[in-house]
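Presented below is the structure to which this report refers.
The values are calculated or read from the model by the stated rules, or taken from the named source; none is laboratory data. Please read all numbers here as calculations on a predicted model, not as lab measurements. Because the Cβ atoms are built from the backbone with ideal geometry, glycine has one as well, and the counts that use them run over all protein chains shown.
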Amino acid sequence: MIRRIREDIGAMLARDPAARHPVEVLLCYPGMHALWAHRLNHWLWRHGLRLLARLLAHIVRRRTGVEIHPGARIGRRVTIDHGMGVVIGETAEIGDDVHMYSGVVIGGVSRERRKRHPTIEDGVVIGAGAVLLGPIRVGRGAKIGAGAVVREDVPPGAIVLPGAPRVILKPERTAQLHQREEVHFAGTGI
């Protein structure tokens, strides 16, 4: 457990230029606190202590502003920067090295008891206020712009821009952009 917390702190220090020291991340990053608590809640959920897991998740949400359902599966070195308003649903699956900003919703669109939340593959960056809905798949290394609403699969390495309903820069196009000029992506947009 301590090794995983150190790994998470290292990931946040690498991704957030405002993070200056490991102790600062340990004490002052509610997104990290929510993820660490989720590990316990997920363990309780998997071992049949579902009411306790939900109760603890509720307490964590009130303290951090980050709501993670105990059933969600979250990989390693996932970071939530400025976590207020982040919601991650029950059947969501999040891979390793995913970084998300405030207000991200990884939600469902069905009331049926089946897979109804997104699957986020490794290395994805999700901008502030982005909403990902339904049992979609966001491919490895994709970038979701701030404020984007995504309801269909995103290919690996693609960039989803906010505003238009289906603006996706395919991996081939993003490679061309990278060759001509550096493409900047931050929590506020692309």
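In this structure, does S110 turn out to be among the hydroxyl-bearing types (S, T, Y), touching a residue at least 24 places away in the same chain (Cβ under 8 Å), closer than 20 Å to D8 by Cα and part of a loop (DSSP other than H, G, I, E, B)? Criteria not met by S110. I'm trying to understand the selection: among the residues of the stretch 66-99, which are in contact with a helix residue (DSSP H, G or I) (Cβ under 8 Å, 6 or more places away or on another chain), acidic (D, E) and in a loop (DSSP other than H, G, I, E, B)? D81, D97, listed by residue number. Report whether or not A146 is assigned to a loop (DSSP other than H, G, I, E, B), buried (at least 19 other Cβ atoms within 10 Å of the Cβ) and modelled with pLDDT under 95. Taking the combined requirement at face value, the residue satisfies it.
Can you name the residue in the stretch 57-77 that is among the hydrophobic types (A, V, I, L, M, F, W, C) and buried (at least 18 other Cβ atoms within 10 Å of the Cβ) and, of all such residues, is nearest to the chain's Cα centre (by Cα)?
I74
Within the stretch 19-33, at least one residue is in contact with a Phe, Trp or Tyr (Cβ under 8 Å, 6 or more places away or on another chain) and either modelled with pLDDT under 95 or part of a helix (DSSP H, G or I) (or both).
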